[in-house]
1. With the checklist (1) part of a loop (DSSP other than H, G, I, E, B); (2) over 17 Å from D18 (Cβ atoms); (3) at pLDDT below 95; (4) not aliphatic (A, V, I, L, M) in hand, flag the one item H52 doesn't pass.
2. Does at least one position in segment 10-17 carry a residue that is in contact with a strand residue (DSSP E or B) (Cβ under 8 Å, 6 or more places away or on another chain), part of a loop (DSSP other than H, G, I, E, B) and either in contact (Cβ under 8 Å) with a residue 24 or more places away in the chain or loosely packed, with under 12 Cβ neighbours inside 10 Å (or both)?
3. So which residues in segment 13-49 are among the polar types (S, T, N, Q) and more than 12 Å from L80 (Cβ to Cβ), if there are any at all?
4. Suppose the filter is surrounded by fewer than 17 Cβ atoms within 10 Å (Cβ to Cβ) and small (G, A, S); does G51 pass it?
5. Does any residue of segment 29-42 turn out to be on the phi > 0 side of the Ramachandran plot and either assigned to a strand (DSSP E or B) or at pLDDT below 95 (or both)?
6. For the list (1) assigned to a strand (DSSP E or B); (2) buried (at least 17 other Cβ atoms within 10 Å of the Cβ); (3) out of contact with any Gly (no Cβ under 6 Å at 6 or more places or on another chain), I need the number of the one condition that R4 fails.
Amino acid sequence: MALRGRLPSGAVASGRIDRLAVTDRAVLFADFKSGAGEDAADYAPQMRAYGHLLAAAYPGRAVDGLLVFAGSGRIVRVDLSSDAPDAGEAPAP
């Protein structure tokens with residue numbers, strides 16, 4: 001799914017997420033990466049931008065993002081809060 005919109009900073013962000021699930025209460029998105037996952041923190045800014053754009057598109061719903069690393073099968077839930085440090089990640093469910 002292609003995304004494009006304005007971030008709180010005023011910058012325009014765009015990208016493409018690989019999977020999206022939407023319910024009445026929540027939005028879950030997944031972005032697939034080819035590596036093993038050692039660099040999961042490097043993707044935190046990208047994932048937070050996607051989370052912001054999806055929250056704007058689906059107001060009132062909780063938004064959660066997952067990184068899926070094809071090289072290892074590792075799944076990482078990324079903290080999408082704007083005040084999270086870039087190195088912050090939470091384990092996937």
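1. Failed condition: (1).
2. Looking for residues that are in contact with a strand residue (DSSP E or B) (Cβ under 8 Å, 6 or more places away or on another chain), part of a loop (DSSP other than H, G, I, E, B) and either in contact (Cβ under 8 Å) with a residue 24 or more places away in the chain or loosely packed, with under 12 Cβ neighbours inside 10 Å (or both), one finds at least one in segment 10-17, hence yes.
3. Restricting attention to segment 13-49, the residues satisfying the condition of being among the polar types (S, T, N, Q) are 14, 23, 34, 46.
Scanning segment 13-49 gives S14, T23, S34.
4. Working: surrounded by fewer than 17 Cβ atoms within 10 Å (Cβ to Cβ): no; small (G, A, S): yes.
Spelling it out, it is not the case that G51 is surrounded by fewer than 17 Cβ atoms within 10 Å (Cβ to Cβ) and small (G, A, S).
5. We begin by selecting, within segment 29-42, every residue on the phi > 0 side of the Ramachandran plot; these are 37.
Okay, now just the ones that are also either assigned to a strand (DSSP E or B) or at pLDDT below 95 (or both), so 37.
Yes.
6. In the conditions (1) assigned to a strand (DSSP E or B); (2) buried (at least 17 other Cβ atoms within 10 Å of the Cβ); (3) out of contact with any Gly (no Cβ under 6 Å at 6 or more places or on another chain), R4 misses (2) alone.
The values are calculated or read from the model by the stated rules, or taken from the named source; none is laboratory data. Because the structure is a prediction, the values reported are computed rather than measured. Here Cβ is always computed from backbone atoms with ideal geometry, including for glycine, and neighbour counts include all displayed protein chains.
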